[in-house]
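The values are calculated or read from the model by the stated rules, or taken from the named source; none is laboratory data. None of the values given here were measured: they were computed from a predicted structure. Ideal geometry is used to build each Cβ from the backbone, glycine not excepted, and the neighbour counts take in all protein chains shown. With ligands, DNA and RNA removed, areas are computed over all heavy atoms of the protein, side chains included. Shrake-Rupley method; radii C 1.70, N 1.55, O 1.52, S 1.80 Å.
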Amino acid sequence: MSSTSDSWSHWLQNQSMVRFNSGTTEQEQVAYSNTVVTPWVGPRLEVRKQCSATVATLGQSLIYLIEIINSGNCTATVYVSDSLSADTSLLPNSVLRDGIPLPGSSPAQGLPPSEIAPGASLRFHFQVMIIRLPESLKLLNQALVRYEFVTSEGRTYRGRSVRTRWRSVLSPLVLRLLCKQTMFRLFQVTL
């Protein structure tokens, strides 16, 4: 896939080159094939996960954001789940998709499937409360995003899972979140 100014094209270009020596000359010669251009078809997803606080205390609520961006050329259906730490508790009815409440939804059980069109993004927010300090003083929050799309021939392709991790280091009084943004890119070439 060619990349120009930090954006990906939707075409895969390939050309072969053969170096050879013929019996009549000692010089190496080169022959090139024709350039084959294959269209790239499919969603290209970026998944980012963020937290609302860099420092938190026991009993404080945290707002997590999972953002999914489709820079591909096909609509994808995404399935998001987030295995919450046993040391946190989901605040009831706090799950939002693009600002719209998803009553009764739980990231731990999997959020309702959502479609994401080319050039669009989805934003899931949810709140948890820190209810206890683990013995290891480490809090791990991990999201899993799977996707599928239908090719122009009608085949359904299921993509690999994307995992975003959020590791937090705790002290008995203060919880420090390592709020590094995690980004993944997925793409699928279909012929």
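Looking at the structure I just gave you, is Gln142 out of contact with any Leu (no Cβ under 6 Å at 6 or more places or on another chain), part of a strand (DSSP E or B) and among the polar types (S, T, N, Q)?
yes
Out of all the residues in region 141-149, is one or more among the hydrophobic types (A, V, I, L, M, F, W, C), closer than 30 Å to Pro43 by Cα, modelled with pLDDT under 65 and surrounded by 16 or more Cβ atoms within 10 Å (Cβ to Cβ)?
Taking every residue of region 141-149 in turn, none turns out to be among the hydrophobic types (A, V, I, L, M, F, W, C), closer than 30 Å to Pro43 by Cα, modelled with pLDDT under 65 and surrounded by 16 or more Cβ atoms within 10 Å (Cβ to Cβ).
Would a scan of region 29-40 turn up a residue that is part of a strand (DSSP E or B), in contact with a Ser or Thr (Cβ under 8 Å, 6 or more places away or on another chain) and open to solvent by 40 Å² or more (accessible area, probe 1.4 Å)?
For region 29-40, residues part of a strand (DSSP E or B), in contact with a Ser or Thr (Cβ under 8 Å, 6 or more places away or on another chain) and open to solvent by 40 Å² or more (accessible area, probe 1.4 Å): present.
For region 105-117, check the following and say yes or no: at least one residue is part of a strand (DSSP E or B), in contact (Cβ under 8 Å) with a residue 60 or more places away in the chain and more than 21 Å from Thr156 (Cα to Cα).
no
Looking at region 79-112, which of the residues that are farther than 15 Å from Lys49 by Cα and of a type in the set (A, V, I, L, M, F, W, C) is surrounded by the fewest Cβ atoms within 10 Å (Cβ to Cβ)?
Ile100
Please find, within region 52-78, the residue that is farthest from Leu111 (Cα to Cα) out of those that are open to solvent by 40 Å² or more (accessible area, probe 1.4 Å) and under 21 Å from the mean Cα position of the chain (by Cα).
Looking at the filtered set, the residue picked out is Asn73.
Could you list, in sequence order, the residues of region 49-65 that are within 14 Å of His125 (Cβ to Cβ) and touching a residue at least 24 places away in the same chain (Cβ under 8 Å)?
Answer for region 49-65, where residues must be within 14 Å of His125 (Cβ to Cβ) and touching a residue at least 24 places away in the same chain (Cβ under 8 Å): Lys49, Gln50, Cys51, Ala53, Ser61, Leu62, Ile63, Tyr64, Leu65.
Any chance region 4-21 includes a residue that's open to solvent by less than 30 Å² (accessible area, probe 1.4 Å) and assigned to a strand (DSSP E or B)?
Taking every residue of region 4-21 in turn, none turns out to be open to solvent by less than 30 Å² (accessible area, probe 1.4 Å) and assigned to a strand (DSSP E or B).
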